[in-house]
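Engineer: I have a structure I would like to understand better, so I am pasting it below and will then ask my questions one at a time.
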Amino acid sequence: MDIEKLSRRFPVYSRVLRLYPVPYRERYTEQMLQTTADMLDGVPDNLRLRLWVHIVLELPGSIVHQRLIYATQALMHETPTYVRRNTMVSALLMVPFCAIAVINDMTGHSLYQTWFWSYSVLLTWILLLPALSLIISGTTFISWLYGRKKQGSSLLRSIKDIRHNWAMLALSFLGFVILGLVFFHDSVRCVAGDPVREVDNSHQTIRCIEDGSVTTLGL
Amino acid sequence: MSRSAPGFLPQVSFSILLALSLRERHGYEIMQQVEEDSEGKVKLGPGSLYGAIKQLDEDGLIEEVASMTPQDRRRYYKITKAGRERLGAEMRYFEATVSLAKERRILGSSINSQWT
């Protein structure tokens, strides 16, 4: 059975398979449709629904996995060296924040009540490193856009080229989220249970950190 | 050590190589053989099957071969020499592990005599 007939037999499923990356799709879509047809033809009618559930349930994981492989290959083999290097540095700078955030979450601590409590260290891992990471990924993204523009690619097209810019965008986004969280989110203000209870904006948060009052928290 | 640790094939890839060790097969035949070999414990869908096939193909452990007949549009796969060597290496490891397990009375009839 050729691919047109198979696509007509499974119209929705064949559309879902378009979510796979192009090279994977070109090579395996027809085979996947054929195998699905063989599977369905090989079971009694009353088991087909169960089979469909099995087929559909494993699709999201498989699509995400292939997308990740595809995106990683693009980053490693199809982007300039400075993008790879800066992306790596930017990602490494995010590691302390993410690691401590996970540890805090596991141990039931808030951002400003971390076990890793020291004013200078705190300032480094919640502000300086994420900010530096954001600056590096953001400037790398802008440089890359500029380089693409010089090669004749439109700005919009470059921005939409997620396959090549996903790492820079993701790191920039993460940097914004972390800094936004630190500066503006009420729940992470430094004064939960602390003498300076009324802090509710970024200036006061910074002041709270600057005067070191938070260092007395719980210690 | 994890089944997906370096040097070890992931479970699905291992099962596919084992299924192809007898003869070349197309996708659905591979699925059936994997299910039979695992006594129904490993059931593949097209997503997991072709993801693993892609990786095995890229690693040179299997290769695509022409269909048996011109009318048959299915793609057939066969295990390569490198694939057979890899499967053999894994099997030898398992064989040694099973021997060890028997020696330590974790497996085999000795377990009954120990616990009953």
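The values are calculated or read from the model by the stated rules, or taken from the named source; none is laboratory data. Small disclaimer: the values here were computed from a predicted structure and weren't measured. So basically every Cβ, Gly included, is an ideal-geometry build from the backbone, and we count neighbours across all protein chains shown.
Engineer: Being under 18 Å from A:PHE97 (Cα atoms), surrounded by fewer than 18 Cβ atoms within 10 Å (Cβ to Cβ) and either among the β-branched types (Val, Ile, Thr) or not assigned by TED's automatic domain parsing to the domain that holds A:GLY138 (or both) is the filter here; which residues of region A:150-182 pass it?
Structural biologist: Across region A:150-182, the qualifying residue is only A:VAL177.
Engineer: Please work out which residue is nearest to the other protein chains (Cβ to nearest Cβ), limiting yourself to region A:8-45 and to residues that are closer than 13 Å to B:LEU49 by Cβ and polar (S, T, N, Q).
Structural biologist: Among those residues, the one meeting the criterion is A:THR35.
Engineer: From A:THR35, A:THR29, A:THR79, A:THR72, grab the single residue that is buried (at least 16 other Cβ atoms within 10 Å of the Cβ) and without any contact (Cβ under 8 Å) to a residue 24 or more places away in the chain.
Structural biologist: Working: A:THR29 fails: without any contact (Cβ under 8 Å) to a residue 24 or more places away in the chain; A:THR79 fails: without any contact (Cβ under 8 Å) to a residue 24 or more places away in the chain; A:THR72 fails: buried (at least 16 other Cβ atoms within 10 Å of the Cβ).
Answer to the selection: A:THR35.
Engineer: Hey, among the residues in region B:39-87 that are part of a loop (DSSP other than H, G, I, E, B) and loosely packed, with under 12 Cβ neighbours inside 10 Å, which one's farthest from the other protein chains (Cβ to nearest Cβ)?
Structural biologist: B:GLU39
Engineer: If I ask for residues that are within 13 Å of chain B (Cβ to nearest Cβ) and among the basic types (Lys, Arg), which ones from region A:46-81 would you list?
Structural biologist: Of everything in region A:46-81, those that are within 13 Å of chain B (Cβ to nearest Cβ) and among the basic types (Lys, Arg) turn out to be A:ARG50, A:ARG67.
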